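As structure tokens, the structure follows; a few thoughts come after it.
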Amino acid sequence: LINALLSNQLMPAKKEATTATIVRIKDSDSPSFSAQAFDNENHLVAEYKDVSLQQMRDLNDNENISVINLTGSIPFLNNCNKSAGRVRLVLVDTPGPNNSNDANHKVTTYNMLRNSDKSLVLYVVNSDQFGINDDATFLDDVCKEMGKCGKQSKERFIFAVNKLDETNP
């Protein structure tokens, strides 16, 4: 989904759990995407001026990296001007709470959910995963978060179903 939004194949994608780090994608005027990767102590580990899909795969697979900042032109956005009172959109891809062999992926996702109370959250669930316990548990937590701060809290969550074309109607 993020690759489609970026009109660029930068994010690793597989039929299994793939995202291992938090990736923050910020809009800029640059026609290519640059990447900066940081460890748990916020030290710069790697930097690419014109990052490729393979480099993103390598960064994602590196256990020493906890956050990747991507900066480049997000096609559907006009670059926002802070002085005009606009807010910049930052897309954040997190590890999913399910189907992961690494418990840290789940912890990373839950921390992001709890520590970003003003963020718009797009939760993508695969149609072939309805009823999986990890999804049900995560959605229960999402419901609790939605109930904390009234209408604004409820409206910050958008749910999308992926791979509907693979289901039997």
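The values are calculated or read from the model by the stated rules, or taken from the named source; none is laboratory data. Values in this document were obtained by computation on a predicted structure and should not be read as measured data. Cβ coordinates were reconstructed from backbone atoms using ideal geometry, including for glycine residues, and neighbour counts include every protein chain displayed. Side chains are part of the model used for accessible areas, which takes the heavy atoms of the whole protein and leaves out ligands, DNA and RNA. Shrake-Rupley method; radii C 1.70, N 1.55, O 1.52, S 1.80 Å.
Quick notes
- Here r is the Cβ-Cβ distance between S7 and H43 and R0 is 22 Å; the resulting FRET efficiency, rounded to 0.05, is 0.10.
- Modelled FRET efficiency - R0 35 Å, D128 with Q55, Cβ distances, 0.05 increments: 0.70
- Rolled with a 1.4 Å probe across the full set of protein chains, the surface gives K148 an accessible area near 130 Å².
- R57 - accessible surface, heavy atoms, 1.4 Å probe, Å² rounded to 10: 100
- L53 sits with roughly 40 Å² accessible to a 1.4 Å probe, with DNA, RNA and ligands left out of the calculation.
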